[in-house]
Amino acid sequence: MTPGRKLMLLVERMSGIVLPDRELQRLTDWAGNRAAIRGFKDTNAYVDALRRYPESDEWRVLLSRVTVKESSLFRAPQQFRCLSESIVPELVASGRTTLRVWSAGCARGEEPATLAVVLDECLGGTKVRWSVVGTDVDADALEAARRARFSPRSVRRVPAEYLERHFTMRSGAFELKANTRSHIRYASLNLIREPLEVPGQPFDIIFLRNVLIYFRRESQARVVRSIQKILAPGGFLLVGPSESLMHVAPGMKAEERNGVFVYRRRDGGEMTPTVSVNGRSGVFGGSDAAPEALPREPNRPESEGGAKDSESFAVEGHRAEMRDDLRLALRCYRASLYLQPDYYQVRYRLGQCLEAVGWSGRAEAEFRTVLEILRLGSGKTLEILNRPDFPTRNEIEAECRKATRSGP
Ligand SMILES: C[S@@+](CC[C@H](N)C(=O)[O-])C[C@H]1O[C@@H](n2cnc3c(N)ncnc32)[C@H](O)[C@@H]1O
């Protein structure tokens, strides 16, 4: 096995991250460079040292190299709207006087900062105490998170009045004000390591967004099992808008709130709200809607009434795609796949749309999942997409192999 391939497998074993094959050459070159800098005789010796010394400083450099830290404040704002309008009011109504929130895989602090802003807006001036813990496997990202300084691009979705209340402009960056920042703590944590011990656990709310997408299904299941144990009874787990835990979390059930899917423990002893939900509303409305937002009211045929089902989302997505409305198509396909993750034709279409809008990494992840679904034999066919102008199962499989360079 080549040293680059060995390194890829080692990265997966240590962090859960599966690097795509197209990274192999770049990673091999990078490892060769690091081997020279650190005085190893060759790349093999370097990889071997990493394997033997999992606590070494070099892992910090490697993890910083292989993690994807793409994030921004108020990313997928519909989830934060759901937080302020539904989740927080419900938890407070159930009698909680303390709210503990965890941002797992917090990158450079964009998500914890957003959570702090939203919680301060919801709970500032009340007796409810709250805290946010941000954790990540990448120590460099955490260092940046602690500085709490964000670029204008990163804050582009922050509502103007929040920017003014919670940030100070300093040397071209937006710095989170000390008062809001004081509620956030950061810690280094590798989600794949068991047992999971997070400072401040258990949590009422856990954000685990856009982290598991880099993991294999078995690793996803392992992480969710660990996380479930530290989700407080009645608590909420949110993953990214295009992710689904359907096949990896038998102990969790999905609920739809304000057009957003949230997960709760099946054994969690549901809380019944004792007062009506009265979070602040309207702040995230209209133009803040993210491209990833789930459709609130996709047009469905009259005959299907108001029930949202996977098929009608898929059909609406296909119609939108035919009209070249790729944003709506993406939203509808994602909604469809939330409800039925094994519709391989829909997933294939989602991949194609992602590619068309330039998100080739995400497209490739979808194509890989299609192949995994077909391999497992769990693929479900949507009759309505069995049309002469639509690729057959074999053609889809061949296309996905080509797109992911997975061989015949
Ligand atoms: C794409 S960012 C997501 C940031 C944020 N949650 C969001 O949705 O905007 C993924 C983050 O997950 C972190 N990560 C990847 N593998 C991890 C692991 N095994 N344990 C903890 N964090 C991990 C990466 O370092 C990176 O910061």
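Only helices (runs of 4 or more DSSP H) whose full extent lies in region 59-147 are considered here, and the ones with at least 3 residues that are within 12 Å of the ligand (Cβ to nearest atom) and out of contact with any strand residue (DSSP E or B) (no Cβ under 8 Å at 6 or more places or on another chain) are 139-147. Screening Leu196, Leu191, Leu123, Leu208 for residues that are of a type in the set (A, V, I, L, M, F, W, C) and touching a Phe, Trp or Tyr at 6+ places or on another chain (Cβ under 8 Å) leaves exactly one candidate, Leu123. Taking residues in region 247-261 that are more than 15 Å from Leu231 (Cα to Cα) and surrounded by 15 or more Cβ atoms within 10 Å (Cβ to Cβ), and partners anywhere that are at pLDDT below 90 and of a type outside the set (Gly, Ala, Ser), the pairs with Cβ atoms closer than 6 Å and at least 6 places apart or on different chains are Gly259/Leu294; Gly259/Arg296; Phe261/Tyr338. Annotation note: of Ala363, Ala356, the sole residue that is under 21 Å from Ala320 (Cα atoms), in contact with a helix residue (DSSP H, G or I) (Cβ under 9 Å, 6 or more places away or on another chain) and buried (at least 16 other Cβ atoms within 10 Å of the Cβ) is Ala363. For Arg401, indicate whether it is surrounded by fewer than 18 Cβ atoms within 10 Å (Cβ to Cβ), outside any loop (DSSP other than H, G, I, E, B) and touching a residue at least 12 places away in the same chain (Cβ under 8 Å). For Arg401, the condition - surrounded by fewer than 18 Cβ atoms within 10 Å (Cβ to Cβ), outside any loop (DSSP other than H, G, I, E, B) and touching a residue at least 12 places away in the same chain (Cβ under 8 Å) - is met. Residue count for region 157-185 satisfying the condition of being within 20 Å of the chain's Cα centre (by Cα) and surrounded by fewer than 17 Cβ atoms within 10 Å (Cβ to Cβ): 0.
Under the condition of being more than 13 Å from Asn44 (Cα to Cα) and outside any helix (DSSP H, G or I), the residues counted in region 1-27 number 5.
Residues of region 33-58 that are in contact (Cβ under 8 Å) with a residue 12 or more places away in the chain, within 20 Å of Ala139 (Cβ to Cβ) and not in a helix (DSSP H, G or I): Arg38, Pro54.
Would you pick out the residues in region 155-167 that are under 16 Å from Val118 (Cβ atoms) and assigned to a loop (DSSP other than H, G, I, E, B)? Residues satisfying the conditions are Val155, Arg157, Val158, Pro159.
Yes or no, residue by residue, for (1) under 21 Å from the mean Cα position of the chain (by Cα); (2) buried (at least 20 other Cβ atoms within 10 Å of the Cβ); (3) small (Gly, Ala, Ser):
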| residue | (1), (2), (3) |
| --- | --- |
| Thr2 | no, no, no |
| Gly16 | yes, yes, yes |
| Asn33 | no, no, no |
| Phe40 | no, no, no |
| Tyr53 | no, no, no |
| Trp59 | no, no, no |
| Ala93 | no, no, yes |
| Arg96 | no, no, no |
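Condition check: within 16 Å of the ligand (Cβ to nearest atom) and either at pLDDT 95 or above or closer than 17 Å to Pro199 by Cα (or both). Does Glu161 satisfy that? Criteria not met by Glu161. Apart from one condition, Leu354 fits all of (1) touching a Lys or Arg at 6+ places or on another chain (Cβ under 6 Å); (2) without any contact (Cβ under 8 Å) to a residue 24 or more places away in the chain; the exception is (2).
Yes/no per residue for (1) touching a helix residue (DSSP H, G or I) at 6+ places or on another chain (Cβ under 7 Å); (2) over 24 Å from Arg193 (Cα atoms):
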position: Lys6; (1), (2): yes, no
position: Leu10; (1), (2): yes, no
position: Gly16; (1), (2): yes, no
position: Pro20; (1), (2): yes, no
position: Arg26; (1), (2): no, yes
position: Asn33; (1), (2): no, yes
position: Arg38; (1), (2): yes, yes
position: Tyr46; (1), (2): yes, no
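Out of all the residues in region 287-294, is one or more more than 19 Å from the chain's Cα centre (by Cα), of a type outside the set (Val, Ile, Thr), assigned to a helix (DSSP H, G or I) and at pLDDT 85 or above? Within region 287-294, none of the residues are more than 19 Å from the chain's Cα centre (by Cα), of a type outside the set (Val, Ile, Thr), assigned to a helix (DSSP H, G or I) and at pLDDT 85 or above. Is it the case that some residue within region 330-339 is at pLDDT below 85, within 22 Å of the chain's Cα centre (by Cα) and either more than 18 Å from Ile373 (Cβ to Cβ) or surrounded by 19 or more Cβ atoms within 10 Å (Cβ to Cβ) (or both)? The answer is yes, given that some residue of region 330-339 is at pLDDT below 85, within 22 Å of the chain's Cα centre (by Cα) and either more than 18 Å from Ile373 (Cβ to Cβ) or surrounded by 19 or more Cβ atoms within 10 Å (Cβ to Cβ) (or both). Within region 1-50, if we keep just the residues that are farther than 21 Å from Tyr214 by Cα and basic (Lys, Arg), the residue that is nearest to the ligand (Cβ to nearest atom) turns out to be Arg34. Close Cβ contacts (under 6 Å, 6 or more residues apart or on different chains) running from residues in region 98-124 that are within 17 Å of Ala178 (Cα to Cα) and assigned by TED's automatic domain parsing to the domain that holds Leu163 to residues that are in a loop (DSSP other than H, G, I, E, B) and more than 16 Å from the ligand (Cβ to nearest atom) comprise Ala116/His183. Among the residues of region 186-207, those that are touching a residue at least 12 places away in the same chain (Cβ under 8 Å), surrounded by fewer than 22 Cβ atoms within 10 Å (Cβ to Cβ) and within 11 Å of the ligand (Cβ to nearest atom) comprise Ala187, Ser188, Leu189, Asn190, Ile192, Leu196, Val198.
The values are calculated or read from the model by the stated rules, or taken from the named source; none is laboratory data. Because the structure is a prediction, the values reported are computed rather than measured. Every residue, glycine among them, receives a Cβ derived from its backbone with ideal geometry; neighbour counts consider all protein chains shown.
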